[in-house]
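Read through the structure below, which is laid out as structure tokens, and then see the notes.
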Amino acid sequence: MKLLVTGAAGFIGANFVRLMLKGRGTGKYKVIAFDALTYAGNLANLKDFEEQEDFEFIKGDIRNPEQVETVMEDVGAVVNFAAESHVDRSILAGADFISTNIDGVRILAEAAVRHGVKRFIQVSTDEVYGSLESTGLFREDTPLHPNSPYSASKAAGDLLALAWQHTFGLPVIITRCSNNYGPYQFPEKLIPLFITNLMEDKKVPVYGDGMQVRDWIHVMDHCRAILIVLEKGRVGEVYNIGGGNERTNIDITRRILRLLRKDESFIEHVTDRPGHDRRYAIDASKITGELGWRPEVVFEAGLAETIEWYRNNESWWQAIKSGDYLNYYQQQYGRRGVIG
Ligand code: NAD
Ligand code: DAU
């Protein structure tokens, strides 16, 4: 089956391609990796597959109906990772969040209906549920209460996708996952920013009191869950995905400091994120009970391995911090693979 993976050059998309071409999905799919290569997209994340026959990269934008129409030809299933994903950026400037995370979903959904796509997985986030007090978990029937421009745009994308299922029969399934960590994560997010700052002997900016709670999951556990949903999930359903691993930001920070042998003088408490959600925590019993998925990576081991990955791939994150990675596409491809 031809599988269209949008946002494939980003953090989770690239890990998902790895799972499909070098892991559990191997042999079953031809992957079309479609990505606009925004600041967050990095072709170096996909370089291991460049020579494979079951892989093709196409540069394109989910907001462009002509590009989407062309790439949807003969596609059997879509997994949509393409999004603006960083909360702080959505607070600074929201326009791309609205156009990509909302209108981009509509454009993909319309083309998918026209081409008779058999599965449309909309990769969403637990942030659509808003913020929890110190107890309770997000369930699939928890009311949506997004608090940031990012999460509001993702919630709108979910609702549009479900409307396309109800109205036009598009076989949509939504996944809502908690905070991912692992290889290839852009060093603007908490864990890779702190690891790479410390490797450069820089301080780490902890927002507010650092007592906000996130439910951390290894990116490969998230990808394995999406694969199971793709193959066995029920159309029209939402599946929560979580690591069952709640940690405060200050706990994460101290762990990273310890693993990198740095002391607490590297912590800098800075002004809090406006509207900062206090706590996220997932009830993943639906996907576990119905589809048999459960997380496999133990957090302490996963975090240590992730630090090791950033240690062994200094050139990858240094190219990002210096901006050099933006030239990779031109160097590797020129205009080959661009639609339009
Ligand atoms: P990311 O920012 O690392 O990657 C996003 C990718 O989408 C980039 O490669 C970018 O170039 C591409 N993209 C952006 N706009 C595009 C457009 N208009 N057309 C085509 N491509 C475009 O994000 P990520 O962390 O890999 O997240 C992927 C998805 O998973 C997002 O939908 C996000 O909401 C969701 N999600 C992320 C997390 C997390 O912890 N990172 C958790 C749950 C859900
Ligand atoms: O919950 C899933 C979501 O997780 C995804 O939908 C988003 O795409 C992803 O970015 C992530 O959102 P968060 O806002 O939770 O992730 P971030 O890494 O930006 O921040 C994690 C926590 O750490 C949050 O409470 C803010 C805090 N933080 C973050 C940064 C970047 C800091 O204290 N300092 C920082 O410099």
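Taken together, the values in this text are just the output of simple stated rules run on the coordinates, not laboratory data. Just so we're clear, the structure is a prediction, and the values are computed from it rather than from any experiment. Glycine also receives a Cβ, built like all others from the backbone with ideal geometry; neighbour counts cover every protein chain displayed.
For this structure, a couple of remarks:
- In loop segments of the stretch 151-254 as defined by DSSP, the GluC sites (Glu not before Pro) with at most 12 further C-beta atoms inside 10 Å of their C-beta are 200.
- Selected from 95, 41, 65, residue furthest toward positive end of dipole (the stretch 26-101; charges at beta carbon): 95
- For the stretch 92-203, the normalised intensity computed at q = 0.12, 0.23, 0.24 Å⁻¹ comes to -0.54, -1.24, -1.27 (log10 of I(q)/I(0), Debye sum over alpha carbons, equal scatterers, no solvent).
- Here r is the Cβ-Cβ distance between residue 234 and residue 26 and R0 is 35 Å; the resulting FRET efficiency, rounded to 0.05, is 0.90.
- Only Lys, Arg, Asp and Glu carry charge here, each on its Cβ (+1 for the first two, -1 for the last two); on that basis the stretch 55-185 has a dipole of about 160 debye about its Cα centre.
- Each of 144, 55, 76 was placed along the dipole of the stretch 54-150 (beta-carbon charges, centred on the mean Cα), and the one lying farthest toward the positive end is 144.
- Dipole magnitude for the chain: computed about the Cα centre from +1 point charges on Lys and Arg Cβ and -1 point charges on Asp and Glu Cβ, it is near 360 debye.
- Summary value for the stretch 183-256: 39 percent relative contact order, contacts being C-alpha pairs under 8 angstrom separated by 6+ residues.
- Among beta bridges from DSSP that stay inside the chain, the antiparallel ones total about 5%.
- Put a dot 7 Å past the Cα of residue 92, heading toward its Cβ, do the same for residue 301, and the two dots end up 3.7 nm apart.
- Set 47/262; 262/321; 22/59; 47/321; 154/262; 22/203 screened for pairs whose C-alpha atoms are more than 31 Å apart: 47/262; 154/262; 22/203
- Ranking of 59, 154 by count of other Cβ atoms within 10 Å, fewest first: 59, 154
- For 223, 177, the sequence from fewest to most other C-beta atoms within 10 Å is 177, 223.
- Model label points for residue 139 and residue 54, set 7 angstrom from Cα along the Cα-to-Cβ axis, are 3.9 nm apart.
- Residues 317, 309, 216 in ascending order of nearby Cβ atoms (within 10 Å, fewest first): 309, 317, 216.
- Helix-derived mean residue ellipticity, 222 nm - over the chain, DSSP H n ≥ 4, -39500 (n - 2.57), to 500: -11500 deg cm²/dmol
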